[in-house]
Amino acid sequence: MKKLLSGNEAIARGAYEAGVTFASAYPGTPSTEILETVAREYPEIYAEWSPNEKVALEVAMGAAFTGARAMASMKHVGVNVAADPLMTLSYTGICGGLVLITADDPQLYSSQNEQDNRNYAKFAKIPMLEPSDSQEAKDFVVRGFDISEQFDTPVMVRSVTRVSHARTPVELKERKAAPMEVQIRKDPPKYVMLPVYGRKRHVVVEERFLKLKEFAETFELNRMEMNDPEIGIITSGISYQYAKEVFPNASYLKLGMVWPLPDKMLREFRSKVKKLYVIEELDPFIEEYLKILGIQVDLGKDVLPRCGELTPSIVKEKVTGEPEKLFLSNPENIPPRPPNMCPGCPHRGMFYTIKKLKLYAAGDIGCYTLGALPPLTSLDTCVCMGASIGHAMGMSKALGDEGRGKFVAVIGDSTFMHSGMTGLADVAYNKSYATVIIADNRITAMTGAQEHPATGYTVRGEPTHAVDFAELGKALGFKNIVKANPYDLEAYEKILKEEVEKDEPSLIVNQGPCALLKRALPKPKKPYFVDTDTCIGCKKCVGLGCPAISWNAEVGTTAEGKKRKGYATIEPTLCNGCGLCYQVCSVEAIKTEDKVFFGLVENL
């Protein structure tokens with residue numbers, strides 16, 4: 001039976017067919033739907049959102065050490081977090097199969113960088129498979145578990161955004177039983193990486209890699225497609241699809257395993273073609289390896305871009321010099337549409353107040369990162385998950401007393417659970433005066449409303465313990481802890497002013513659930529509206545950056561005869577009655593038929 005699946009859905013299906021019984025992940029585009037599909041479609045597999053990617057890999061390791069087949073999935077930067085256990089997992093090996101999915105993000109559609117994680121496989125000396133469509137995504141996961149157990153090694157499978165989210169037909173097969181019995185297995189020389197054991201395991205890693213090199217030469221997922229010998233193209237993954245579309249008659253060496261690479265096959269293919277092109281996204285990973293082998297490359301990254309995602313159009317234009325004619329194009333007169341926080345978002349009031357008080361905000365990764373964009377422009381740093389608290393800690397020590405009252409750290413609830421706790425402990429332990437704001441919107445909102453350890457629900461919606469941020473802050477050493485309503489601007493400003501001036505660390509826990517979180521939504525409220533006869537065109541409400549508020553530049557006068565250069569309007573189908581615009585309007589031009597309330601906190 002065939003079914004149309006995205007690459008992520010196909011990866012989940014591959015885990016099912018391979019007999020996987022344990023799946024862990026931390027949400028992050030473009031990988032998120034893998035675990036969501038596992039949790040929704042395959043009850044035979046235990047599934048969990050782990051607090052971060054390091055934990056996701058470590059719990060998968062624990063399952064694999066018992067003989068179970070386990071899969072951990074994450075986006076490319078998540079592997080940075082998981083790199084610590086990954087590098088040593090290469091030494092210990094596995095027992096049951098273990099596959100690590102890395103979903104890379106060329107073009108930075110939803111990421112802070114576009115690193116090429118093929119380098120991690122090389123660094124760790126473990127195999128990496130790279131599918132080019134959904135069928136291969138499923139098949140390569142299944143094959144990855146076989147290789148993992150055959151060579152006692154973790155296996156990485158690399159997807160990219162285009163493979164993860166595109167849909168292609170997939171042939172479905174039955175689930176097979178995992179080949180190994182699950183039980184406790186004591187073997188300290190293999191699994192306890194004391195130096196005395198680790199030195200011996202390093203030898204095992206090197207011997208295993210030589211075996212993998214031989215295996216790559218005859219591996220069925222590496223294949224030659226000999227056509228016109230004038231041009232030969234070595235490629236892998238989604239780049240194969242782009243190249244095939246542009247050069248359908250060329251000869252191909254399609255690499256399903258991108259590490260280790262098959263030396264003999266590479267040389268053989270080169271001998272059969274007159275010109276050799278290497279087409280790959282991001283780093284010249286294959287190209288540099290060919291040059292190390294002394295194989296002449298006629299075209300590669302000297303022509304193709306190192307940055308961004310490839311497309312058939314880019315490949316054709318860069319290689320042939322002929323621009324590709326597209327059936328669809330984007331008209332140049334369409335105005336830019338930057339991402340924005342939703343109407344009623346609890347983060348908007350926080351950033352409005354931070355901007356009003358002219359505070360420097362060390363930021364983090366999540367919906368609230370959008371606070372860096374106009375008109376709020378209130379976020380000043382964003383590097384990696386959890387870094388905001390460390391930034392504020394470092395600033396407090398570098399600036400000394402001169403910095404008091406001038407900056408805050410802003411971190412979301414899911415990001416805090418991911419990697420904020422250690423930074424928070426550092427602030428208290430090393431006696432910083434930094435003020436940390438946990439923007440608790442009760443969900444992992446940026447990646448599509450996934451649960452985390454502070455929401456009170458598992459990935460399958462089962463009720464569970466919810467971390468209490470205030471109690472946790474107290475346990476970590478904070479004495480100044482305030483629960484705040486970010487929709488009440490006057491009260492929130494007062495809290496922020498008081499806390500940033502203290503000579504001890506402060507923790508502010510914002511209490512405002514995501515505006516799209518169904519279980520936390522209050523009863524429907526009638527939307528606010530603008531009395532256009534009263535509006536003086538001051539644009540204070542427009543400065544909130546709410547998508548429901550727009551500006552009409554029509555010149556006119558108010559009911560009192562005052563001239564104005566336009567007026568604000570509120571789109572009733574977008575307004576959810578959060579009340580922020582009502583509070584900033586100084587002439588009471590913004591009104592509602594309901595009683596005034598500030599945000600969604602009344603339903604907590």
(message) Suppose we filter segment 105-157 for residues that are in a helix (DSSP H, G or I) and over 16 Å from PRO284 (Cα atoms); how many remain?
(response) 19
(request) State all residues of segment 181-229 that are under 33 Å from the mean Cα position of the chain (by Cα) and outside any helix (DSSP H, G or I); if no residue qualifies, say none. (result) VAL182, VAL192, MET193, PHE219, GLU220, LEU221, ASN222, ARG223
(request) Name every residue in segment 341-369 that is part of a helix (DSSP H, G or I) and in contact with a helix residue (DSSP H, G or I) (Cβ under 8 Å, 6 or more places away or on another chain), in order of residue number. (result) HIS347, ARG348, GLY349, MET350, PHE351, TYR352, THR353, ILE354, LYS356, CYS367, TYR368
(message) Show me the strands (runs of 3 or more DSSP E) found entirely inside segment 13-98 where at least 1 residues are among the aromatic types (Phe, Trp, Tyr).
(response) 22-25, 46-49
(request) Please determine, by comparing only the residues of segment 65-77 that are without any contact (Cβ under 8 Å) to a residue 60 or more places away in the chain and under 15 Å from ALA18 (Cα atoms), which one is surrounded by the fewest Cβ atoms within 10 Å (Cβ to Cβ). (result) ALA70
(request) Kindly provide the set of residues from segment 195-229 that are more than 21 Å from ARG143 (Cβ to Cβ), of a type in the set (A, V, I, L, M) and in contact with a strand residue (DSSP E or B) (Cβ under 7 Å, 6 or more places away or on another chain), ordered by number. (result) MET226
(message) For segment 467-506, give me the residue count where each residue is farther than 19 Å from PRO453 by Cα and of a type in the set (A, V, I, L, M, F, W, C).
(response) 9
(message) Just to check your reading of the model, which residue among GLU554, GLU493, GLU501, GLU471 is loosely packed, with under 15 Cβ neighbours inside 10 Å, acidic (Asp, Glu) and touching a residue at least 24 places away in the same chain (Cβ under 8 Å)?
(response) GLU501
(message) I need a count of the residues in segment 383-393 that are assigned to a helix (DSSP H, G or I) and within 14 Å of GLY363 (Cβ to Cβ).
(response) 6
(message) Just the residues that are in contact with a strand residue (DSSP E or B) (Cβ under 6 Å, 6 or more places away or on another chain) and either more than 28 Å from ILE126 (Cα to Cα) or of a type in the set (Phe, Trp, Tyr) (or both), please, taken from segment 230-270.
(response) ILE231, TYR240, ASN249, ALA250, SER251, TYR252, TRP259, PHE269
(request) Could you look through segment 584-604, keep only residues that are outside any loop (DSSP other than H, G, I, E, B) and surrounded by fewer than 20 Cβ atoms within 10 Å (Cβ to Cβ), and pick out the one that is modelled with the lowest pLDDT? (result) ASN603
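The values are calculated or read from the model by the stated rules, or taken from the named source; none is laboratory data. Bear in mind that the values here come from a model prediction, so they are computed numbers and not experimental data. Reconstructed Cβ throughout: ideal geometry from the backbone, glycine too, with neighbour counts over all protein chains shown.
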